[in-house]
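First comes the structure, then the notes that go with it.
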Amino acid sequence: MRVFIVDDHEIVREGLRTVLQKDADIEVVGEAGTGAEALDRIKQTQPNAAVVDYRLPDTTGDQLCRQILETSPATAVIILTTYLNEEVVRQSLAAGAVAFVTKASGLDELRKALREIATTEPGTRPASTASIVHRLFAAESSQQAGGGGGKSLTPRQIRVLELVAEGLTYSEIAQKLSISQSTVRFHVQALKERVGARTKTELVATAIRAALISPNSET
């Protein structure tokens, strides 16, 4: 696996490179300390994965992730963050990141994420990421339901589900709800991971069975 490292601290980049290159299956093909530098070099090297620090001098990890995928769509982006919180997950998922690793979790967690990416179908998030998303969203749902937890959805999530069931595209849903396509994708992906669905069709079917939306929403 060809890996690119993006972090503004040289000592962090050096440590990551030294450790990762001990793995016979990993080749570190480049590194950068800023988003602008990373974009130029990633475009040239086309790595299989990019390990991106969430806080960079000239941008944030989610913004850089979006830009990376525009120039190198086959590159899986792992967000490296000090604290894994809801804001980081929301913004990074919407941007297309496939995994998250906290700096406190150690290098073994990063190796695990890279191994999962190597054995997961391109464009699919590893099981560990799905678990993180499920845990965060389960906690959020519990708070929104006054501690009742369970399956309650926000009005926006329900509306997105209804429009997906009607067969609208991401672009059409975004236009109808006056939100960005990336926000629509974020909602759909989060909903799929929440109910354990792999496709939009399976998401709609599961939502109907769970009475999250009415069968009349489906075309």
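Those helices (runs of 4 or more DSSP H) of the stretch 1-78 in which at least 2 residues are under 21 Å from the mean Cα position of the chain (by Cα), considering only elements entirely within it, cover 35-45, 61-71. Within the stretch 208-219, restricting attention to residues that are closer than 15 Å to residue 173 by Cβ and surrounded by 17 or more Cβ atoms within 10 Å (Cβ to Cβ), the residue that is modelled with the lowest pLDDT is 217.
Of the residues making up the stretch 1-29, those that are surrounded by 15 or more Cβ atoms within 10 Å (Cβ to Cβ), of a type outside the set (D, E, K, R), in contact with an Asp or Glu (Cβ under 9 Å, 6 or more places away or on another chain) and at pLDDT below 95 are 1, 12, 16, 20.
Residues of the stretch 117-126 that are over 14 Å from the mean Cα position of the chain (by Cα) and at pLDDT 80 or above: 118, 119.
Considering only residues in the stretch 152-187 that are loosely packed, with under 15 Cβ neighbours inside 10 Å and among the β-branched types (Val, Ile, Thr), the one that is farthest from residue 95 (Cα to Cα) turns out to be 154. If the condition is being in contact with a helix residue (DSSP H, G or I) (Cβ under 7 Å, 6 or more places away or on another chain), part of a helix (DSSP H, G or I), of a type outside the set (Phe, Trp, Tyr) and at pLDDT 85 or above, then the stretch 165-183 contributes 165, 171, 173, 174, 176, 177. Of all the criteria given as (1) under 19 Å from residue 11 (Cα atoms); (2) in contact (Cβ under 8 Å) with a residue 24 or more places away in the chain, the one not satisfied by residue 37 is (2). Filtering 95, 32 for residues that are in the same structural domain as residue 118 (by TED's automatic domain parsing), modelled with pLDDT of 90 or more and on the phi < 0 side of the Ramachandran plot leaves a single hit, 32. Could you tell me whether any residue of the stretch 79-90 is touching a Cys at 6+ places or on another chain (Cβ under 9 Å) and part of a strand (DSSP E or B)? Yes: the stretch 79-90 contains one or more residues that are touching a Cys at 6+ places or on another chain (Cβ under 9 Å) and part of a strand (DSSP E or B).
Once the stretch 70-96 is narrowed to residues that are closer than 16 Å to residue 3 by Cβ and without any contact (Cβ under 8 Å) to a residue 40 or more places away in the chain, the residue that is surrounded by the most Cβ atoms within 10 Å (Cβ to Cβ) is 79.
The values are calculated or read from the model by the stated rules, or taken from the named source; none is laboratory data. As the structure is a computational prediction, the values presented were derived from the model and not from experiment. Cβ: placed from backbone, ideal geometry, glycine included. Neighbour counts: every protein chain shown.
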